[in-house]
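A quick write-up on the structure given underneath.
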Amino acid sequence: MIKHREWMKKEARPAAEKRVKAGLVLAELSKELKVDASRDEIQKQIGFFKQQYGKDKKMLEQFDNPNVHIVTLPIRMITDKTC
């Protein structure tokens, strides 16, 4: 248990903090640059993922979740476009 805590403190936490900071910077940059993901782009991406994960019922259910269409996927797509 002590090794796990040390690993969390020395490696995992700094890596997580770095990812969060990078995500915040990209989010602000995408707002400034007015980067967006259209409904058509989102639907195409969902179709791609459904084809890719076609045999995994749990994954397919996630792509039918409205939250994925409205929040999760668009944010990821906008971040990817901003990079």
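Here, each number is a calculation from the coordinates, and none is a lab measurement. These numbers were taken from a predicted model, which means no experiment stands behind them. Note that each Cβ is placed from the backbone with ideal geometry, even for glycine, and that neighbours are counted across all protein chains shown.
Tell me, what is a quarter of the convex hull surface for the C-alpha atoms of the chain, in nm² with one decimal?
The directionally averaged projection comes out at 7.5 nm².
Given the Cα-Cα distance of LYS10 and VAL35 and 0.36 nm per residue of separation, how much length would full extension add, in nm?
Here the answer is 5.5 nm.
Can you work out the Karplus-derived ³J(HN,Hα) for every residue in segment 21-36? Use 6.51 cos²θ - 1.76 cosθ + 1.60 with θ = phi - 60°, whole Hz, and x for glycine or proline.
4, 4, x, 5, 5, 5, 5, 5, 5, 5, 5, 5, 7, 6, 7, 9
In what order do PHE48, PHE63 fall by count of nearby beta-carbon atoms within 10 Å, going from fewest to most?
Going from least to most buried by this count: PHE48, PHE63.
Using a cut-off of under 16 Å, list every residue of segment 53-76 whose amide N is near the label point 7 Å from the Cα of LYS44 along the Cα-to-beta-carbon line.
74
Using θ = phi - 60° and the Karplus relation 6.51 cos²θ - 1.76 cosθ + 1.60, list the HN-Hα couplings for segment 67-82 in order, rounded to whole Hz, with x at every Gly or Pro.
Karplus values, whole Hz, x for Gly and Pro: 4, 5, 5, 8, 10, 4, 5, x, 4, 5, 5, 5, 4, 4, 5, 6.
Calculate for the chain the 222 nm mean residue ellipticity that helices alone would give, adding -39,500 (n - 2.57) per DSSP H run of length 4 or more and normalising by residue count, nearest 500 deg cm²/dmol.
Result for the chain, helices only: -21500 deg cm²/dmol.
With axes computed from alpha carbons, what is the tilt in degrees of helix 39-52 against the longest principal axis of the chain, rounded to the nearest 10 within 0 to 90?
Helix 39-52 sits at roughly 70 degrees to that axis.
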